[in-house]
Amino acid sequence: MHTVLEELGKIGIIPVIKIDDPGKAVPLARALIAGGIPCAEVTFRTAQGEEAIRRIAAELPESLVGAGTVLTTSQVDRAIAAGAKFIVSPGYNPRIVNYCIEKGIPVTPGCSNPSDFEQALEAGLEVVKFFPAEQSGGIDYIKAVAAPYTSLKFIPTGGISAANIGKYLAYDRILACGGTWMVGAELINTADFDRITALSREAVFAMFGFSVVHFGLNAGSEEAAKKGAALINTLFGFPPKDGNSSIFAGDYLELMKLPGAAGTKGHIAIATNTIVRAQAYLERQGVSFDPASVKKNAEGKMNVIFAKDEILGFAWHLIQKK
């Protein structure tokens, strides 16, 4: 898969922007970055889209900017010249797709049925835009039609919101979701960039669905762990569950048996809907992860990774929700 598409997959959310004033383009992109979304699809629905792409690409190279609603090969050329890193079209136009492939720029054409998907596969594409997502049947429809096309991933756009984005991104065939709710026309026109940042953060955390799974406490020895678990059971009625390296007291307290367990005091397990995207997001916030700590599930996919630094004496790790 093209590296640009891989990066979009790590971000998970692609704001779809219709802009009338290119002077607002860079502050808008900054607001999205501050909210945890360092990318944007700027549409060619207005004459100012091209200039907006140019300004974002020039001033904010950390933002992955692409061109949307691309309908002609001339627009492809103009988008590339302006600095667009990817092209999005509302429907499957073989001429546009083939032209982008010749130019070496990733393209995600709008597709909504198996005939479209097969055209995309025939052209060698690995990712398509699924549009309009909710109006075409939503995530249930995508799951129903995706089964025969095992190599294809989707970017649903249309009707996506903070309320349903988690449902879409929980399906591993969804590369990312496109949306407009955090970049509405009124917010852009009134330059309400603080609100755009707030809505972006809300979308990001809705995507991740972070929650505390359990706390691990370093007992220092098996005997101490057993005594602690027995006391907790006596006081609170949390039944002990003995394991190889720890004893759980109920569902949320894990008493580590052996010296050398992670963390000075213990560890915190943070669950997320999407561990790969969460890792990428937290790395952009300056967090470092220990690759040697990765654990994988039976399918060979990462489901645990520890951060290198502690929080108040506690190690912490991400864990993939089931």
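The values are calculated or read from the model by the stated rules, or taken from the named source; none is laboratory data. These numbers come from a predicted model, not from an experiment. Because the Cβ atoms are built from the backbone with ideal geometry, glycine has one as well, and the counts that use them run over all protein chains shown.
Considering only segment 145-179, how many residues are surrounded by fewer than 24 Cβ atoms within 10 Å (Cβ to Cβ), modelled with pLDDT of 95 or more and out of contact with any helix residue (DSSP H, G or I) (no Cβ under 9 Å at 6 or more places or on another chain)?
1
Scan segment 185-206 and give yes if some residue there is crowded, with 16+ Cβ neighbours inside 10 Å, assigned to a loop (DSSP other than H, G, I, E, B) and in contact with a Gly (Cβ under 8 Å, 6 or more places away or on another chain), otherwise no.
There is no residue in segment 185-206 that is crowded, with 16+ Cβ neighbours inside 10 Å, assigned to a loop (DSSP other than H, G, I, E, B) and in contact with a Gly (Cβ under 8 Å, 6 or more places away or on another chain).
What's the number of the condition residue 101 fails, among (1) exposed (fewer than 15 other Cβ atoms within 10 Å of the Cβ); (2) of a type in the set (A, V, I, L, M, F, W, C); (3) touching a Lys or Arg at 6+ places or on another chain (Cβ under 9 Å)?
(3) is the only condition that residue 101 fails.
Do we have residue 36 as under 16 Å from residue 199 (Cβ atoms) and in the same structural domain as residue 202 (by TED's automatic domain parsing) here? Talk me through it step by step, then tell me what you get.
Numbers: under 16 Å from residue 199 (Cβ atoms): yes; in the same structural domain as residue 202 (by TED's automatic domain parsing): yes.
Judged against the criteria, residue 36 is a match.
Anything in segment 244-280 that is aromatic (Phe, Trp, Tyr) and either surrounded by 16 or more Cβ atoms within 10 Å (Cβ to Cβ) or over 19 Å from residue 319 (Cα atoms) (or both)? List them, or say none. Don't jump to the end; show me each part of the working.
Our first condition is that a residue be aromatic (Phe, Trp, Tyr); within segment 244-280, this holds for 248, 252.
248, the sole residue that qualifies.
Can you tell which of 283, 299 is surrounded by fewer than 16 Cβ atoms within 10 Å (Cβ to Cβ), closer than 30 Å to residue 167 by Cα and modelled with pLDDT under 95?
Working: 283 fails: modelled with pLDDT under 95.
So the residue among 283, 299 that is surrounded by fewer than 16 Cβ atoms within 10 Å (Cβ to Cβ), closer than 30 Å to residue 167 by Cα and modelled with pLDDT under 95 is 299.
List the number of the failed condition for residue 241; all other conditions in (1) without any contact (Cβ under 8 Å) to a residue 24 or more places away in the chain; (2) surrounded by 16 or more Cβ atoms within 10 Å (Cβ to Cβ); (3) in a strand (DSSP E or B) hold.
The failed condition is (2).
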